[in-house]
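Remarks on the structure that follows.
Computed from the coordinates by the stated procedures, all read-outs in this text should not be read as laboratory data. Keep in mind that this is a model prediction, so the values were computed, not measured. So basically every Cβ, Gly included, is an ideal-geometry build from the backbone, and we count neighbours across all protein chains shown.
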Amino acid sequence: MSDTRRRVKVYTLNEDRQWDDRGTGHVSSTFVERLKGISLLVRAESDGSLLLESKISPNTAYQKQQDTLIVWSEAENYDLALSFQEKAGCDEIWEKICQVQGKDPALEITQDPIDESEEERFEEMPETSHLVELPPCELARLEEIADLVTSVLSSPIRREKLALALMSEGYMKKLLQLFQVCEDLDNREGLHHLYEIVRGVLFLNKAALFEVMFSDDCIMDVVGCLEFDPSLVQPKKHREFLTKTAKFKEVIPITDSELRQKIHQTYRVQYIQDIILPTPSVFEENFLSTLTSFIFFNKVEIVSMLQEDEKFLTEVFAQLTDEATEDGKRRELVNFFKEFCAFSQTLQPQNRDAFFKTLANLGILPALEIVMGMDDLQVRAAATDIFSYLVEFSPSMVREFVMQEPQQTDDDVLLINVVIKQMICDSDPELGGAVQLMGLLRTLIDPENMLAPTNKTEKTEFLSFFYKYCMQVLTVPLLASTVDEKNCKDLQEGSTKINPVCPDNFQTAQLLALILELLTFCVEHHTYHIKTYIMNKDLLRRVLVLMNSKHTFLALCALRFMRRIIGQKDEYYNRYIVKGNLFEPVINTLLDNGTRYNLLNSAIIELFEFIKVEDIKSLIAHIIDNYYKALESIEYVQTFKGLKGRYEQEKDRQTLRLNSRYRRDARTLDEDEEMWFNEDEDDDGEAIEKSRPEEEFPESYGKYMEAKKGAANGTNGANCKPATSPTSAASPNGSPAMSAAPPATTVVKTAMVGLVDYPDDEDEEDEDEEQSPRKRPRLGS
């Protein structure tokens, strides 16, 4: 069906009193046998499926709103609405509904929604309370009118009756004319009564009344009435703000007068709801649901009308990206798009998708790339908001655009690098913009929202692109702040030589904390790429310099980064930490913290507790071999004694494994000797001949026999070379840490020689410390 008059959107009101879009289709009224009556049918224009099948019940109250809406309730808490593309289609269906119910199509509502039980109670009321008769619209009767309006708000039945009375004979317009009279006479009592009347009428929650009150002729008088709140000493100046302060700027002239009127109306009604009316109480929150719906449908209509005007949007984009456009004009264009995107948030998902795809096709991302790099703070802030809408809508769309950008020699022109530089250069002391941009970057590099089913290479390609072109830009402040550990200590705040990237500057410390948070996220989600980057840049060593920062939150961020690395339980990371002696700054911080029980202390203890619980052997051996003397005095937790216990267990386990091997070799040799001596003399030569080649004997045989003779003669075994086992070169985790102690001369008391002798002698420990200049004085104390 191609008849646009019948083209409608179907809406249902959800539990949050927001309208949900159920789809677009074409409406018809026809007799449905199953429902035994004339029904409204809406079939989807996409596939012809049935979106709505609703019998026109004789007792259902239908309301016609804004010329293109029909709203009704089918059951308790189940409201429906049809939004027509054209007024003619709405009128046609409205006439059909009125024909079925036997009502006059000139009415805006077919009947009162009152059930039989309510009618019975209503009829039992006294005659004076049954009928709502409005007093004559005169100055002298304003108090009486105000009392009547406020008295009916607690009764749904009387609210309905009053609304019908107010809609008849142009009563609302007469009231608003009295406002002008009262204001001219400075009649404060009458103005206070009009405030109560208008506020009460808004709480009647009737769309037909809103149509009158929010028309161009009446809306400023409604705002004027609401200025004279009796509880205020002086009236507010809302009209002055709306007419003089709030300026409507047409960045590109809007030729459609209906669209312009709709924009004005929506802004003013939104102002009434958000600014003028007090926050409704729990008992009043449903009184303004129709006002919320009124604004919602207006915004939907505005976005739809603008989106369909391709000439208008094309002209906006052309001026936005034109180098000749003045800065002030460009600022207005960017603010227009910001408001446009904000309005789009009222759309349902499928309509919002179409909206952003339209912007993408028109070139919103290349335009943002230009304006986000400008010096104007207002333009950059508005562009950031637009960029956030796009990232939240489709991260993949943004990633696809970024990877398709021409690879120029200057990486700074890339959109993501523009975003990173804006984050780094945020002038806000609280870094509000930087926090927002960091969140957007995190969304873009999150593998969880990369579309594997449709594009299997998106994750690999984008992460490779990011680490090649963008990661070095992100880490510039971090690397610049940690070039020399002494750099920040030499610079004092207040000195003329303050380094702008010194971590002791609070704003820079905040920025570094944000960067570390993003890098920590990368460690958790980008296993290969971030590992390669950390190794190549020796990044963890640079990060741990920040453990010396006077800002505890920054030291904690650096520690958290190391904790995530260790939490990966990756032996490549472990060997990197051991080789670089990277526990030293952490342990120094722990020792400097002393006995203070604070977050920093707990975080460091948790790091070592994790290593102990997970039994990361290479790290345990490194910590005990190099730092246990400095840590053994810490007894308020059992963590370090537990690490020592793990270390001793592993040492004993390796010793037992070696001893078992030697016993197995000795047993084999004894059996061979016995067989050799028991051989028949006739086979003697053959046996000797077979036993001649040295390679036929176990390699350790000579060494074993030499050790055996040495033990028997009581000689010193210093000249005996112990058998080499694979475990003597590396721990089970592939780390050389278990052989970190220097070899020592040992007296052999048995036929077995230990794998590694861990020196316990104090003289040897002193000698070992003299041979390790890397250790800091705090660790040697």
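Taking the Cβ of ASP256 as the center, what net charge do the other residues with Cβ under 13 Å away carry, scoring Lys and Arg +1 and Asp and Glu -1?
-2
Too long at a 23 Å Cα-Cα cut-off: which of LYS173/LYS247; LYS87/LYS244; LYS569/LYS644?
Cα-Cα > 23 Å for LYS173/LYS247; LYS87/LYS244; rest within.
One quarter of the convex hull surface, Cα atoms only: what value does that give for the stretch 237-348 in nm²?
Quarter of the Cα hull surface area: 8.6 nm².
Ordered by residue, what ³J(HN,Hα) values in Hz, to whole numbers, does the stretch 617-625 give under the Karplus form 6.51 cos²θ - 1.76 cosθ + 1.60, where θ = phi - 60° and Gly and Pro are x?
Once rounded to whole Hz, the list reads 4, 5, 6, 4, 4, 5, 5, 5, 4.
Going by amide H atoms built from the backbone, whose H comes under 5 Å of the H on LEU51, apart from near neighbours?
VAL42, ARG43, ALA44
Going by a ≥ b ≥ c, the root eigenvalues of the Cα gyration tensor, does the stretch 349-425 fall in the rounded group (a/c under 1.5), the prolate group (a/b larger than b/c) or the oblate group?
Oblate, since a/c reaches 1.5 and b/c is not below a/b.
Would you mind checking which residues have amide H under 5 Å from GLY37's amide H? H placed 1.01 Å from N; only 5 or more apart, or other chain.
VAL32
Can you order the peptides 101-108, 591-598 by their average number of other Cβ atoms within 10 Å per residue, highest first?
Going by the mean number of other Cβ atoms within 10 Å, highest first, we get 101-108, 591-598.
Return the sequence-ordered ³J(HN,Hα) values of the stretch 9-19 in whole Hz as given by the Karplus equation 6.51 cos²θ - 1.76 cosθ + 1.60 applied to θ = phi - 60°, using x for Gly and Pro.
Values per residue, Gly and Pro as x: 10, 9, 10, 10, 8, 8, 5, 8, 6, 10, 7 Hz.
Among 47-57, 537-547, how do they line up from the highest to the lowest mean number of other beta-carbon atoms within 10 Å?
Going from most to least packed, we get 537-547, 47-57.
Please report the relative contact order for the stretch 517-629, taking Cα pairs under 8 Å with a sequence separation of at least 6, and give it as a percent rounded to a whole number.
In percent, rounded to a whole number, it is 25.
With respect to the cross-link table entries LYS64/LYS161; LYS103/LYS262; LYS161/LYS206; LYS174/LYS206, which display a Cα-Cα separation exceeding 20 Å?
LYS103/LYS262
Net charge within 12 Å of TYR271 by Cβ-Cβ distance, Lys/Arg positive one each and Asp/Glu negative one each, not counting TYR271 itself?
For residues surrounding TYR271, the net value is +2.
Rounded if a/c is under 1.5, else prolate if a/b beats b/c, else oblate: with a ≥ b ≥ c from the C-alpha gyration tensor eigenvalues square-rooted, which is the stretch 541-583?
The shape class here is oblate.
Need the full-extension length gain, MET374 to GLN638, defined as separation in residues times 0.36 nm minus the C-alpha distance. One decimal, nm.
Stretched out fully, the MET374 to GLN638 stretch lengthens by 89.4 nm.
Grab the beta carbon distance between GLU258 and SER464, set R0 = 56 Å, and tell me the FRET efficiency rounded to 0.05.
After rounding, the FRET efficiency stands at 0.65.
Between the stretch 591-636 and the stretch 569-583, what's the alpha-carbon centroid distance in Å?
Using only Cα atoms, the two centres lie 16 Å from each other.
Per residue of the stretch 467-481, what does 6.51 cos²θ - 1.76 cosθ + 1.60 with θ = phi - 60° give for ³J(HN,Hα)? Whole Hz please, x for Gly and Pro, Karplus curve as stated.
These are the phi-based 3J(HN,Hα) values: 6, 7, 10, 10, 4, 5, 6, 5, 8, 3, x, 5, 5, 5, 7 Hz.
Explain nothing, just the number: relative contact order of the stretch 132-287, from Cα pairs under 8 Å at least 6 residues apart, as a whole percent.
It comes to 21 percent, rounded to a whole number.
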